[in-house]
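Colleague: Mind looking over this structure? Questions follow.
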């Protein structure tokens with residue numbers, strides 16, 4: 001059974017804004033890796049981030065420690 005994305009949650013709305021605006025972000029993972037790029041989509045389990053080489057990376061939400069917009 002698929003779970004709906006709860007679009008009323010502030011975190012979901014913030015991610016949707018970052019996707020819509022094409023804002024570059026930094027994702028810190030529980031493995032201590034840092035992923036930088038633009039988010040393309042999100043679902044209930046994952047977020048897709050595309051780096052400056054146009055390489056997509058799918059990250060499980062449970063692996064994220066924090067996410068923040070990257071300042072220029």
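Colleague: Within region 56-64, can one find any residue that is more than 10 Å from the chain's Cα centre (by Cα) and assigned to a loop (DSSP other than H, G, I, E, B)?
Modeller: Within region 56-64 (the criterion being more than 10 Å from the chain's Cα centre (by Cα) and assigned to a loop (DSSP other than H, G, I, E, B)), the answer is no, since none of the residues qualifies.
Colleague: Considering each residue of region 1-21, count those that are surrounded by 10 or more Cβ atoms within 10 Å (Cβ to Cβ), assigned to a loop (DSSP other than H, G, I, E, B) and out of contact with any helix residue (DSSP H, G or I) (no Cβ under 8 Å at 6 or more places or on another chain), and give that number.
Modeller: Within region 1-21, residues that are surrounded by 10 or more Cβ atoms within 10 Å (Cβ to Cβ), assigned to a loop (DSSP other than H, G, I, E, B) and out of contact with any helix residue (DSSP H, G or I) (no Cβ under 8 Å at 6 or more places or on another chain) number 1.
Colleague: Would you pick out the residues in region 24-36 that are surrounded by 14 or more Cβ atoms within 10 Å (Cβ to Cβ) and farther than 15 Å from residue 63 by Cβ? Please lay out each step first, then the result.
Modeller: Our first condition is that a residue be surrounded by 14 or more Cβ atoms within 10 Å (Cβ to Cβ); within region 24-36, this holds for 24-29, 35.
If the condition is that a residue be surrounded by 14 or more Cβ atoms within 10 Å (Cβ to Cβ) and farther than 15 Å from residue 63 by Cβ, then 24 is the only one that fits.
Colleague: Cβ-Cβ below 7 Å, separation at least six or inter-chain, first residue in region 26-37 and part of a loop (DSSP other than H, G, I, E, B), second loosely packed, with under 15 Cβ neighbours inside 10 Å: which pairs?
Modeller: Listed by first residue and then by second, the contacts come to 30/65.
Colleague: Hey, another quick one. Considering only residues of region 38-47 that are touching a residue at least 24 places away in the same chain (Cβ under 8 Å) and exposed (fewer than 15 other Cβ atoms within 10 Å of the Cβ), which is nearest to the chain's Cα centre (by Cα)?
Modeller: Of everything passing the filter in region 38-47, 43 is nearest to the chain's Cα centre (by Cα).
Each value in this text was obtained by applying a stated rule to the coordinates, not by laboratory testing. Keep in mind that what you see is a predicted model, and the values were worked out from it rather than measured. Glycine also receives a Cβ, built like all others from the backbone with ideal geometry; neighbour counts cover every protein chain displayed.
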